[in-house]
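> Sharing a structure, written as structure tokens. Questions coming.
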Amino acid sequence: MTTIEVKTTTADYAVKVKIGSLMTVAQAIKTVWTPRRIALITDTTVGALYADQVQTQLMAGGFTVTVLTVPSGEASKSWAQTMRLVEALSQAHFTRNDGVVALGGGVVGDLAGFVASIYMRGISLIQLPTSLLAQVDSSVGGKTALDLPTGKNLVGSFYQPDLVLIDPQTLTTLPQRMLVEGYGEVVKCAALVGGDFWKLLQSIQQPDDILLLAPQLIARSVSFKARVVMADEKEGGQRQLLNFGHTIGHAVELLGRGRWMHGEAVAMGLVAVCQVFEAQGLTPVGTAQAVAARLAVVGLPTELPDLALNTVLTAMRHDKKVHGDQLTWVYLAALGQPQLQPVPLTDLATWVAPALTTVA
Ligand SMILES: NC(=O)c1ccc[n+]([C@@H]2O[C@H](COP(=O)([O-])OP(=O)(O)OC[C@H]3O[C@@H](n4cnc5c(N)ncnc54)[C@H](O)[C@@H]3O)[C@@H](O)[C@H]2O)c1
């Protein structure tokens with residue numbers, strides 16, 4: 001078992017990583033919660049695989065469990081599902097002494113976290129993330145969210161869990177495309193951390209290797225995210241580093257209209273930002289190639305698709321990292337040495353062009 005302590009201004013909690021930990025989930029939860037009623041929020045896919053097992057364990061541990069299931073997929077991060085869940089809590093007479101346990105990927109984590117943060121002005125929360133993306137990223141840091149028709153994650157709160165319990169064994173049932181997508185996030189973290197973490201990635205030569213090294217990859221990614229979150233809980237400074245690869249990545253995701261998953265678009269964005277900053281002389285030449293090699297071995301895309309420069313620029317100008325007339329980029333002064341660079345919007349075309357040289 002690896003334990004990473006997260007300390008924030010509102011709560012301190014542990015992130016525990018252990019193969020098979022879902023089999024002893026009640027034991028782990030009892031270290032932070034007294035016996036109480038639990039709303040186990042999950043989605044249709046993860047629920048079918050793991051909810052019975054988790055419910056049985058929790059009941060044997062003295063908890064009373066109500067399972068609440070939402071449809072799998074991003075569309076569940078909605079007001080409609082939020083209303084359904086808070087009404088279900090209310091009808092079952094949940095009080096502030098009870099708790100919400102999120103069992104699923106980032107969608108369930110974001111939605112259940114949001115529900116926990118607003119029900120009775122806040123009910124205790126535990127995260128049991130089951131996708132690689134949720135295990136290395138979304139379950140840690142306390143961001144909860146819903147989507148609006150106008151955009152993703154536009155409603156939400158900062159709300160910390162009492163415990164994050166990660167069982168890498170759950171990744172064996174995750175579809176490969178999603179496993180690989182989550183690995184893109186790991187490559188991003190490793191490039192920001194450098195050193196032994198970056199070296200560890202050399203052992204990953206195919207998607208199955210991700211499963212073999214999952215506990216270490218998760219522990220290192222979470223340690224990094226925890227460090228950043230502790231230094232900057234609400235995204236004023238250091239937390240911006242987590243946006244590495246997202247500036248062009250988001251634009252590509254948006255313009256692809258569903259063709260690429262988020263992590264795939266970010267993979268392209270990671271390589272592109274290194275190319276952009278290599279051209280500026282701020283990132284050592286060869287970095288883009290080194291990052292692309294780590295992504296390509298598992299089948300992540302590394303070359304930007306044919307997108308016209310002006311459409312990419314328009315999408316980038318709407319990025320949430322635009323402040324006033326500047327867009328702040330994250331770049332690598334070297335592997336493991338991330339820096340922030342504000343770029344005036346008027347100069348964006350010149351900066352982005354080197355990453356789009358093959359595009360009309
Ligand atoms: N809060 C944050 O800090 C943060 C950070 C990054 C991403 N996010 C959010 O996370 C979401 C994406 O997360 P995701 O990629 O986990 O998506 P997801 O929750 O939709 O999971 C992807 C799919 O995999 C299935 N699944 C999950 N675990 C499984 C398992 N062990 N076995 C089989 N199937 C499984 C799910 O049912 C779903 O169909 C987005 O909504 C994004 O906005 C939040």
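The values are calculated or read from the model by the stated rules, or taken from the named source; none is laboratory data. Just so you know, these numbers come straight off a predicted model, no measurement behind them. Glycine gets a Cβ as well: all are built from the backbone with ideal geometry, and neighbour counts include every protein chain shown. Heads up: the accessible areas ignore ligands, DNA and RNA and are worked out on the full protein's heavy atoms, side chains in. Shrake-Rupley method; radii C 1.70, N 1.55, O 1.52, S 1.80 Å.
> Just how much of D208 is accessible, in Å², when a 1.4 Å probe is used and the result is rounded to the nearest 10?
Looks like 90 Å² after rounding.
> Quick check: with the 1.4 Å probe, what order do T9, T95 take by accessible area, largest first?
So the residues, ranked largest to smallest area, are T9, T95.
> Kindly state, as a whole number, the per residue volume in cubic angstrom of the convex hull around the alpha carbon atoms of the range 11-57.
108
> Given K18/K320; K30/K320; K7/K30; K7/K320; K30/K152, which pairs have Cα atoms separated by over 31 Å?
K18/K320; K30/K320; K30/K152
> Counting only residues 5 or more places away or on other chains, whose amide H sits under 5 Å from the amide H of G194 once H atoms are built in the peptide plane?
G336
> Give the carbon-plus-sulfur fraction of the accessible surface of the range 2-173 in %, rounded to a whole number; probe 1.4 Å, heavy atoms of protein chains only.
Carbon plus sulfur share of accessible area: 56 percent.
> Tell me, what is the percent relative contact order of the range 177-357, built from C-alpha pairs under 8 Å that lie six or more residues apart?
Relative contact order, the range 177-357: 26 percent.
> Ok, one more. Output wanted: per-residue J couplings in Hz (rounded whole) for the range 37-47, from phi through Karplus 6.51 cos²θ - 1.76 cosθ + 1.60, θ = phi - 60°, x for Gly and Pro.
3J(HN,Hα) across the range 37-47, in whole Hz: 7, 10, 9, 8, 9, 9, 10, 4, 6, 5, x.
> Kirkwood Rh, Cα Rg: Rg to Rh for the chain?
0.98
> Between the range 204-265 and the range 107-169, how many Å separate their Cα centres?
Cα centres, the range 204-265 to the range 107-169: 16 Å.
> If you average 1/r over all unlike Cα pairs in the range 2-173 and invert the result, what Kirkwood radius do you get in angstrom?
Hydrodynamic radius (Kirkwood, Cα only) of the range 2-173 equals 15.6 Å.
> Largest first, what is the accessible-area ranking of H93, H250 with a 1.4 Å probe?
Per-residue accessible area, sorted high to low, gives H93, H250.
> Let me ask something additional. Work out how far the C-alpha atoms of the range 177-357 reach from end to end along every principal axis, then list the three figures in whole Å, largest first.
46, 36, 30
> Follow-up. Using a 1.4 Å probe, how large is the accessible area of I19, given in Å² and rounded to the nearest 10?
100
> Defining a contact as two alpha carbons under 8 Å apart and six or more residues distant in sequence, what relative contact order in percent does the chain show?
15
> With a 1.4 Å probe and all protein chains left in place, how much of the accessible area of the range 177-357 comes from carbon and sulfur atoms, in whole percent?
50
> Note the per residue figure in Å³ for the convex hull of the C-alpha positions in the range 225-291.
Enclosed volume per residue, from the Cα hull, is 113 Å³.
> Comparing I166, I123, I41, which has the greatest mean-square fluctuation in the GNM of the chain with Cα pairs linked when under 10 Å apart?
I123
> Rank these by accessible area, largest first, 1.4 Å probe: W79, W329.
Greatest to least solvent exposure: W79, W329.
> Obtain the nm distance between the two label points defined at D12 and Q280 by a simple spin-label model: each point lies 7 Å from its Cα along the Cα-to-C-beta direction.
So the two model labels end up 3.9 nm from each other.
> Longest exposed-loop-site-free stretch of the chain, with trypsin sites (Lys or Arg not before Pro), DSSP loop and at most 16 other Cβ within 10 Å?
97-233
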